[in-house]
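Heads up, the thing below is written out as structure tokens.
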Amino acid sequence: MNDVLVARCAGRGARFGQMSVESSELSTAHVDCDAFYVSVELNRRPELRGLPVVVAGSGPRAVVTTASYEARRFGVGSAMPAARARRLCPQAVFLPPDGAHYREVSQRMMEIVRSHVDRVEVVGLDEAYLDLSDLYSPRAAMRRILADVAAATELVCSVGIGPNKLVAKVASDAEKPAGFVVLTREQACARFAGAAPGLVPGIGPKTAARLDTMGLRTLRDLARAPEQLLVERFGPNHGRELRRRARFEHDGEVSEARKVVSESRETTFDEDIGDPARLRDALREMAGQLCASLAAHDHHGRTIAIKVRLDDFSTVTRARTMAAPTCDAEQVTRVALALLEEYSPPQPVRLLGVRVAGLASRGVPTGGKRRGGDPAGQLELPV
Ligand code: TTP
Ligand code: MG
């Protein structure tokens with residue numbers, strides 16, 4: 001306990017005049033560690049500080065989990081094949097991932113956050129939403145939390161504070177590393193008006209591409225688009241939701257445990273594919289990306305499924321349930337390939353997808369999605 005906690009005001013509003021305005025406008029924070037895996041590694045290998053450091057597996061299909069900001073300057077980034085990262089930055093120090101250790105550090109971090117704030121929604125190993133609405137001074141509380149996290153774990157985090165989760169999420173990403181960005185909804189609209197719609201979680205690349213063809217290239221364009229137009233193109237729910245998101249309107253609560261049911265990746269090919277080898281390659285790649293994302297969220301699922309849409313649009317799914325939950329790329333790939341072989345598509349394939357369902361997390365509650373939306377895939381509950 002500390003003085004921020006002690007300073008909570010029960011009947012917020014009446015007594016604290018100015019404070020009540022601040023509290024109601026700044027009810028939500030999003031906190032996300034900077035270069036999480038790398039930062040954890042550097043804490044036990046301080047001699048590597050300041051160097052380009054990449055955490056990646058070692059097999060031929062290994063991908064980068066994360067890169068230090070020094071390595072990012074060379075263009076190295078998450079989910080990139082490790083071989084490409086080595087070409088871009090040969091001088092980087094490559095370290096193998098140590099998931100168990102990252103989970104342990106994550107738990108320590110979240111315990112500290114929870115010691116300050118009652119309602120915390122953990123949405124990944126290194127990120128969480130915090131309900132600040134009971135706090136006397138949200139900014140001071142967040143500074144204190146950051147200091148306590150740094151003291152206990154040596155981790156540096158970026159923070160966004162706003163009136164809802166959407167503003168908080170985008171704000172925390174806006175000035176990484178060590179960002180501390182506080183925005184009202186109106187300020188968020190103004191600040192990100194010129195950004196592409198895909199900046200906002202929940203607007204994925206396919207939607208962004210469709211918006212682009214409609215001439216809606218910025219959040220400002222989207223926020224000002226006639227609702228009727230969006231409803232016609234995207235249907236009533238999605239159409240209205242897009243416009244709301246572009247206006248940074250969001251009423252999702254910070255909830256302590258949300259159930260994310262499944263996560264998937266799927267691709268519609270530019271041309272239908274009949275060649276089994278090409279289908280296998282595509283499936284391998286998607287399974288790798290999916291598992292990287294599952295691992296990043298500490299999500300493990302028992303059911304592995306594939307989806308195949310043929311050239312006549314008929315669609316089949318095939319699934320298999322494992323004895324234990326997994327996010328292991330090798331296992332998911334092996335099962336997905338076996339399911340594909342068993343089905344053996346009788347016609348050229350238009351769309352291929354892979355899904356891991358029955359998700360749960362080890363150590364931290366299940367939660368939401370990655371920054372900037374869920375780039376290639378579908379996560380069942382957005383933000
Ligand atoms: P992020 O918070 O997305 O990334 P980061 O913490 O490395 O960098 P920053 O927030 O400063 O931009 O993800 C948290 C961890 O999840 C990351 O350190 C490694 C893991 N991860 C993967 O394993 N694969 C991925 O594709 C991504 C994006 C992250
Ligand atoms: Mg992070």
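The values are calculated or read from the model by the stated rules, or taken from the named source; none is laboratory data. Note that the structure is predicted; figures quoted are calculated from it, not measured. Note that each Cβ is placed from the backbone with ideal geometry, even for glycine, and that neighbours are counted across all protein chains shown. To get the accessible areas, we keep the full protein, side chains included, count just its heavy atoms, and leave off ligands, DNA and RNA. Shrake-Rupley method; radii C 1.70, N 1.55, O 1.52, S 1.80 Å.
So the values come out like this:
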item	result
Accessible-area value, Phe74, 1.4 Å probe, nucleic acids and ligands omitted, Å²	90 Å²
Long-range amide H partners of Ala56 with built H, under 5 Å	Thr65, Leu95
Nearest-20 debye value, the chain charge dipole, Cβ charges on Lys, Arg, Asp, Glu	320 debye
1.4 Å probe accessible area per residue over region 262-361, in Å²	44 Å²
Relative compactness, region 171-314, computed as alpha-carbon Rg over 2.2 N^0.38 Å	1.28
Amide H partners (placed H, <5 Å) of Leu132, local residues excluded	Thr28, Ala29
Carbon plus sulfur fraction of accessible area for the chain, probe 1.4 Å, in percent	50 percent
Whether region 192-246 is rounded, prolate or oblate, judged on the alpha carbon gyration tensor where a/c under 1.5 counts as rounded	rounded
With all protein chains modelled, accessible area of Met214 [1.4 Å, Å²]	40 Å²
Alpha carbon centroid spacing (whole Å) that separates region 174-198 from region 26-74	23 Å
Per residue, in Å², the accessible surface of region 18-191 once ligands and nucleic acids are set aside, probe 1.4 Å	40 Å²
Considering only region 18-191, percent of DSSP beta bridges that pair antiparallel, nearest 5	75 percent
Relative contact order computed over the chain (Cα-Cα under 8 Å; 6+ residues apart), in percent	17 percent
Evaluated over the chain, the Cα radius of gyration and Dmax, each in Å	21.8, 71
Relative counts (whole %) of C-alpha pair distances in region 97-144, using bins that are 5 Å wide	5, 21, 28, 22, 13, 7, 4, 1
Chain lengthening between Arg143 and Ala209 when straightened (0.36 nm per residue, less Cα-Cα)	19.9 nm
Where Val117, Val156 fall by accessible area, highest first, once all protein chains stay in place (1.4 Å)	Val156, Val117
Residues whose placed amide H lies under 5 Å from that of Thr326, excluding near-sequence neighbours	Gly301, Arg302
Between 0 and 90°, nearest 10: helix 236-246 axis offset from the chain longest Cα axis	50 degrees
Note, ³J(HN,Hα) from phi for region 72-88, Karplus 6.51, -1.76, 1.60, rounded to Hz, x at Gly and Pro	4, 4, 8, x, 7, x, 4, 6, 7, x, 4, 4, 5, 4, 5, 5, 5
Choice from Ala71, Ala151, Ala287 with maximal GNM fluctuation in the chain (Cα, 10 Å cutoff)	Ala151
³J(HN,Hα), Karplus 6.51/-1.76/1.60, whole Hz, each residue of region 224-232, x for Gly, Pro	8, 5, x, 4, 4, 4, 5, 5, 4
